[in-house]
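Comments concern the structure below.
What follows is calculated from the coordinates using simple rules that are stated; it is not laboratory data. All figures in this text were calculated on a predicted structure; none of them were measured in a lab. Note: ideal-geometry Cβ built from the backbone for every residue, glycine included; neighbour counts use all protein chains shown.
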Amino acid sequence: MKPFCRDTWVEVDLDAIRTNVETFRSHLPKSTGIMAVVKADGYGHGAVHVGKEALASGANSLAVAMLDEAIILREAGIEAPILVLGYTPAESVEIASRLRVELTAYNSDWMIHANEFLQQAGLEAVGVHIKTDTGMGRLGVRTSEELMRVVSTLEASPKLTWTGIFTHFACADEPDTTHARRQHETFQAFLQDLRHAGKKLPMIHCCNTAAAIAFPEWGYDSIRLGIGLYGLYPSPYMKERADVSLVPALSLKTRIAHVKTATEPFTVSYGATYCAQPGEQVATLPIGYADGFSRLLSNRGEALYNGTRVPIVGRVCMDQVMVRLEPGAGQVNDEIVLYGKQGDEEISLDEVAALIGTINYEVPCMLNYRIPRVYFQSGEEVGVFHPLTMKHAPLERCK
Ligand code: UAH
């Protein structure tokens, strides 16, 4: 039986994930590892399948934003090191210990509490990466004094092991490298202060995709590869630079649910913002803004049919959207590509992002639990994941 019923799905090309990992592997110094960032369910592509493929292709570890995302990866049988990049409440440290997940920390009080929780529970030590804020203004220690204090607390916590130190760049995808260079200098100064204080440094990492492309020499022990893993560039500027050639992994497809040919003018969708003229064919597609297909594409976006572009007409509804086809062209069940390639044409996530006034990162992240993900390798379907029909995890997990 088909694991999903709806005629709208995402296809993820795992060969593209492999190619992108290999591309970064050869772009970086040999000593630099790759941490594949699969937070936000692998930027909408599916964290488990993408994580497994990235690891099989040469990535050394995975990173997520929150502990719950790490739980999903462990439950799927992934044994590789996993780092939580965001904040984890100290009391959740028990789960991190049981699942051997490393956490990010930047605060002595947090460390004291986390250590106490682990001691009381008699659990194994948890690996901790210290986050330094060198110019992102988000999480992390900002001064050398703070850093020294945090390191001392960490060293005095038998149930916490210092396994990493990192920072995150705010502007590494821009042509003006001033801010990125300043951040890197600050990071270097932190590392130098630690060395002078006689500290043995753990794993060092600072590069996201943009920094890994522009400054591979800043790779240290690992990069944190996010958007590039999925074959997208961190900004139009980074794409233009063309230092690396990336292959997009995601397509969004659907099938025509209904076609009508206008014999007289009729208006299309809420607000009656489009009026079909006699002879025009309007096809209804089973996807809408409740799937993460932005309503901002109303009367603006395009789709691909028979390898050519067709316009979205009228407003995108919650569950449906309409496109205009050549007279007599379309039939129910015909395939339409909303994102990705069909024939020689392509609607890239960059194009969609520009149309709706956002960045390419957001476009696949918006595609939500209602859309099944189908995985391909060497042209063969190798797996399906449909979040909507996924069984709920046992409640014990969250205790
Ligand atoms: C801390 C952190 C992030 O929040 C994100 C990433 C990956 O960024 P890209 O998607 O731009 O590569 C790395 N690190």
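Odds and ends about this structure:
- Scan of segment 195-227 for residues that are assigned to a helix (DSSP H, G or I), out of contact with any Pro (no Cβ under 7 Å at 6 or more places or on another chain) and surrounded by 20 or more Cβ atoms within 10 Å (Cβ to Cβ), ordered by number: A211, A212, I213, A214, W218
- Selection count where residues are of a type in the set (D, E, K, R) and either under 15 Å from Y361 (Cβ atoms) or surrounded by 21 or more Cβ atoms within 10 Å (Cβ to Cβ) (or both), scope segment 20-48: 2
- Some residue of segment 31-38 being out of contact with any Pro (no Cβ under 8 Å at 6 or more places or on another chain) and assigned to a helix (DSSP H, G or I): no
- When P202 is tested against (1) within 16 Å of the ligand (Cβ to nearest atom); (2) touching a Phe, Trp or Tyr at 6+ places or on another chain (Cβ under 7 Å); (3) closer than 25 Å to G127 by Cβ, exactly one condition is not met: (1).
- All conditions but one from (1) in a loop (DSSP other than H, G, I, E, B); (2) hydrophobic (A, V, I, L, M, F, W, C); (3) in contact (Cβ under 8 Å) with a residue 40 or more places away in the chain apply to I71; the one that does not is (1).
- Positions within segment 199-249 being under 14 Å from T23 (Cβ atoms) and of a type in the set (S, T, Y), in sequence order: T209, Y230, Y233, S245
- Scanning segment 233-262 for residues that are farther than 30 Å from G328 by Cα and of a type in the set (S, T, Y), we see that the one that is surrounded by the most Cβ atoms within 10 Å (Cβ to Cβ) is Y233.
- The requirement of being within 20 Å of S348 (Cα to Cα), among the aromatic types (F, W, Y) and out of contact with any Phe, Trp or Tyr (no Cβ under 7 Å at 6 or more places or on another chain) is satisfied by Y305.
- Residues satisfying the stated conditions in segment 113-130, i.e. farther than 11 Å from S97 by Cβ and in contact with an Asp or Glu (Cβ under 8 Å, 6 or more places away or on another chain): H113, V128, H129
- In a residue-by-residue description of segment 92-104, the property of being within 26 Å of P216 (Cα to Cα), within 16 Å of the ligand (Cβ to nearest atom) and in contact with a helix residue (DSSP H, G or I) (Cβ under 7 Å, 6 or more places away or on another chain) applies to at least one position.
- Number of residues in segment 130-156 that are surrounded by fewer than 22 Cβ atoms within 10 Å (Cβ to Cβ) and more than 15 Å from the ligand (Cβ to nearest atom) equals 13.
- Those residues of segment 228-250 which are within 11 Å of the ligand (Cβ to nearest atom), of a type in the set (A, V, I, L, M) and not in a loop (DSSP other than H, G, I, E, B), in sequence order: L229, M238
- Any pair with Cβ under 6 angstrom, 6 or more apart, that starts in segment 362-391 at a residue that is over 14 Å from P3 (Cα atoms) and ends at one that is in a loop (DSSP other than H, G, I, E, B): P364/G44; C365/G44; M366/G292; L367/G44; L367/G292; N368/G292
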